[in-house]
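The values are calculated or read from the model by the stated rules, or taken from the named source; none is laboratory data. Bear in mind that the values here come from a model prediction, so they are computed numbers and not experimental data. Quick reminder, even Gly has a Cβ in these numbers, built from the backbone with ideal geometry, and neighbours come from all protein chains shown.
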């Protein structure tokens, strides 16, 4: 199938940028860099079962994991990172908080790669299609993690009685929380950062993500929001004739010809939508080397081009300002010399777009829309029929929009315990997060001035006090779990 | 494959008698009898997914369930029976306690048939073999129950907000407990009666079952235990020559020729072992119509033939006494006119022996042995290699002895809540049950003078006070859960 951006469904774009793990391209972070970061980390493999819930097939695959024992002492806890939808090295190199926690807890760290991503691909990494993909589900991934933990406990001397804490961010944060819900005898608790576990079904309005992103821009500058909102209609007008489209192509430096056959208005808009929301998700206080490099507070930086109403004498002026704003995301260092290929994934190659699209087309259906009124975008309703058609076309699979709620219980978390749900208030995904504790046994941490799982990143001098405090609180809670577990319960 | 009894592995025999649901043959309890019992019960069907955890197949099957609404009023709770390894009608007609609870709670009752049993057989009920059976797992069965409950809530007006309590006995009791553990947003609690969830791996010694059965006989008469224990060696001596085997055949009225080719000593012994332990499991205080009719306190009745040492002048005398004792189980009303077919299932046709053997050969491996020293049986060690060979031969499947502990957490229940584990102290399966509460949120009820899930049966004038009290306590706890749930939590 084509790039996510070319899918009819805008959600795919969302999903493409779903996990905004800051970090270089994957080629930069493997092998040597990993060793440089932590000399006691090793890359290992585990023979994993393809299917944990039936005996129809005996297939196995090699699941990669990274194990770091520098600060661990026998009996000490295991911090287990439940890998997301991408190459595990991306998470190893962008979850600095775990490496800061480890010495304080004498903890071992394990990062497990999610099945079908990175190098942990079943069927010997053969083509990903409707024949090979069907075992790519979160339930199977959780069973993988459970199986690996049991394997580690059985084979590493001194680990048998160790309490295990699941940690993850974004989709990995969902998995960490679900791990605690489904396998509480395996993990004594979970740190679930920026995990929109309520994004399924109709638990929240479908433009919640867009509304929070809009709010971020509004805080930077209300005029900025108005400008962006106006831009979509102007764009639509320009799109009506070839001259207008050519103007857009030239002034936005798009590689492709804009002609409604190859690149539709919807595609062009999604490319912009992606840039705006990506900046909101990763609106960090200091410059970061994402899949694309960005300045600190990128939303503010983008809005600087969009907040001077007087300078927009014509529609063209306004669109040129939009181009400058979006370039903060797509071309901050001027790295794009010639033109923007808007069919490129906006998240680079480290995240598995095809695989994630499959998950979104099967069990993890997250309704997504914008209305252009309560958000700064344009009218783009959630259309389940189109969604189903697209999924059928690409993967011959039928989405089950209620599966995730059925399997994981939706908002009803009252029976669960020992989960920290942390959310940055700037993060558009926080709208699908747990921001109200259902009981005392679940901890909710809301972080001012923080975007998508800032708390899991390494400490930085420019961190807001809120995230410094959040990290301290997280460690304190986890310490308490470990003490309680060590004193009372019986382990594997 | 042959009858369970002919399997090499004695565990199969155990499993054959695993769920001693008292009741007539299935032909007696269907249709009309059900209606007679409760005029507002209906038999319905639900289109169920074959595989809940991958998208490899779209197959579905018709899952049968029985729904009883006589005492239900809108918003009232749902008591959901998590069907075991047999025809659901057997459980409908032998779980009288639910029908006694319903009017007290204004509850609806649903009995769901377990996949692959009774009439809920995938692939249109085609032959059960290694190609059709692989989706017969407890994890899939739990997902079935979860799916049905969501379906009922969506389609029955007034049920949406109703709290659901899972109820089950024996393997059904395991499923009820596991349902609460895996889907706590779906069921607010579980009554798990006589559920040996610790029977897996090496959590308990493999002859625990046999030791408790022995204890039951000892309480009836210590001499009885000695007599039974002596009988195995004598039998072995008799078995050595054809004359001895013929004597056994004639005096135990066995249909088959005993010749070490067709019927081995091991088979003959297992037939007896089955009878003794079956009586211990169902040592109820009043006469019951099981798959075979029995007097009240059958263990005591059997021991009456085995407790007069002076009458055993010869080995033959002792074996004849054994024959009389075992006849309490196999021929209490003299219903066997000609001879005993020891290859018949000892539990009749309502339980699915083949299917259960498959489950025991894949995910639910329960080590089983006897030693003849701490129990009243004979030396029969747990032999995993033989077990694996037999499973491979019959089903081309490899047992995974640690799967159940991995999936359900074994003894580590500290994170769970709202489960009542009830066990009768006479029940040999109670050794694998939860008899010590891991926390205040889990309730343990031990019932004196009670065998396998006596508490789930209808009240009876001869019930011991202990079970009368246990049932009251169970209702009180469930009422409390319902009140708490109704007052606080948010439902599906």
**Prompt:** Mind checking which residues of the stretch A:278-308 are more than 24 Å from residue A:245 (Cα to Cα) and in a helix (DSSP H, G or I)?
**Reply:** A:278, A:279, A:280, A:281, A:298, A:299, A:300, A:301, A:303
**residue B:213 touching a helix residue (DSSP H, G or I) at 6+ places or on another chain (Cβ under 8 Å), in contact (Cβ under 8 Å) with a residue 40 or more places away in the chain, within 28 Å of residue B:96 (Cβ to Cβ) and more than 11 Å from chain A (Cβ to nearest Cβ)** = yes
**Request:** Taking the options A:292, A:324, name whichever one is at pLDDT below 95 and either surrounded by fewer than 16 Cβ atoms within 10 Å (Cβ to Cβ) or not assigned by TED's automatic domain parsing to the domain that holds residue A:83 (or both).
**Result:** A:292
**Complete:** Picking from B:402, B:346, B:385, B:422, the residue that is at pLDDT 95 or above and within 19 Å of the chain's Cα centre (by Cα) would be B:422
**Prompt:** In this structure, does residue A:262 turn out to be surrounded by 21 or more Cβ atoms within 10 Å (Cβ to Cβ), more than 20 Å from residue A:215 (Cα to Cα) and either free of Cβ contacts under 8 Å to residues at least 60 places away in the same chain or touching a helix residue (DSSP H, G or I) at 6+ places or on another chain (Cβ under 7 Å) (or both)?
**Reply:** no
**Odd one out for residue A:452 among (1) closer than 27 Å to residue A:362 by Cβ; (2) within 14 Å of chain B (Cβ to nearest Cβ)** = (2)
**Prompt:** Of the numbered conditions (1) within 14 Å of another protein chain (Cβ to nearest Cβ); (2) closer than 30 Å to residue B:298 by Cα, residue B:183 satisfies every one except a single condition; which is it?
**Reply:** (2)
**Complete:** Note on the stretch B:440-492: residues under 21 Å from residue A:439 (Cβ atoms), in contact (Cβ under 8 Å) with a residue 40 or more places away in the chain and not in a helix (DSSP H, G or I) are B:489, B:491, B:492
**Item:** Selection within the stretch A:124-172 - away from every other protein chain (no Cβ under 12 Å) and either closer than 16 Å to residue A:53 by Cβ or in a helix (DSSP H, G or I) (or both)
**Value:** A:124, A:125, A:152, A:155, A:171, A:172
**Prompt:** Picking from A:57, A:32, A:62, which residue would you name as being modelled with pLDDT of 95 or more and more than 25 Å from residue A:177 (Cβ to Cβ)?
**Reply:** A:62
**Message:** Take residue A:80 and tell me if it is more than 14 Å from every other protein chain (Cβ to nearest Cβ) and more than 30 Å from residue B:141 (Cβ to Cβ).
**Reply:** no
**Asked** Which numbered condition trips up residue B:385, out of (1) farther than 26 Å from residue B:187 by Cα; (2) touching a strand residue (DSSP E or B) at 6+ places or on another chain (Cβ under 9 Å); (3) surrounded by fewer than 20 Cβ atoms within 10 Å (Cβ to Cβ)?
**Response** (2)
**Request:** Please find, among B:313, B:264, the residue that is over 22 Å from the mean Cα position of the chain (by Cα) and over 15 Å from residue B:227 (Cα atoms).
**Result:** B:264
**Prompt:** Limited to the stretch B:454-468, what total is found for residues that are surrounded by 15 or more Cβ atoms within 10 Å (Cβ to Cβ) and out of contact with any helix residue (DSSP H, G or I) (no Cβ under 7 Å at 6 or more places or on another chain)?
**Reply:** 4
**Fill in**
The condition from (1) closer than 29 Å to residue B:142 by Cβ; (2) over 22 Å from the mean Cα position of the chain (by Cα); (3) more than 14 Å from every other protein chain (Cβ to nearest Cβ) that residue B:396 misses is numbered (3)
**Request:** Within the stretch A:401-438, track down each residue that is more than 9 Å from chain B (Cβ to nearest Cβ), in a loop (DSSP other than H, G, I, E, B) and surrounded by fewer than 23 Cβ atoms within 10 Å (Cβ to Cβ).
**Result:** A:401, A:425, A:435, A:436, A:437
**Prompt:** Within the stretch A:181-208, how many residues turn out to be in contact with a strand residue (DSSP E or B) (Cβ under 6 Å, 6 or more places away or on another chain) and surrounded by fewer than 24 Cβ atoms within 10 Å (Cβ to Cβ)?
**Reply:** 0
**Prompt:** Taking residue A:266, is it part of a helix (DSSP H, G or I) and under 28 Å from residue A:464 (Cα atoms)?
**Reply:** no
**Asked** Any chance the stretch B:335-348 includes a residue that's without any contact (Cβ under 8 Å) to a residue 12 or more places away in the chain and more than 14 Å from every other protein chain (Cβ to nearest Cβ)?
**Response** yes
**Prompt:** Could you list, in sequence order, the residues of the stretch B:132-152 that are under 20 Å from residue B:478 (Cα atoms) and surrounded by fewer than 24 Cβ atoms within 10 Å (Cβ to Cβ)?
**Reply:** B:146
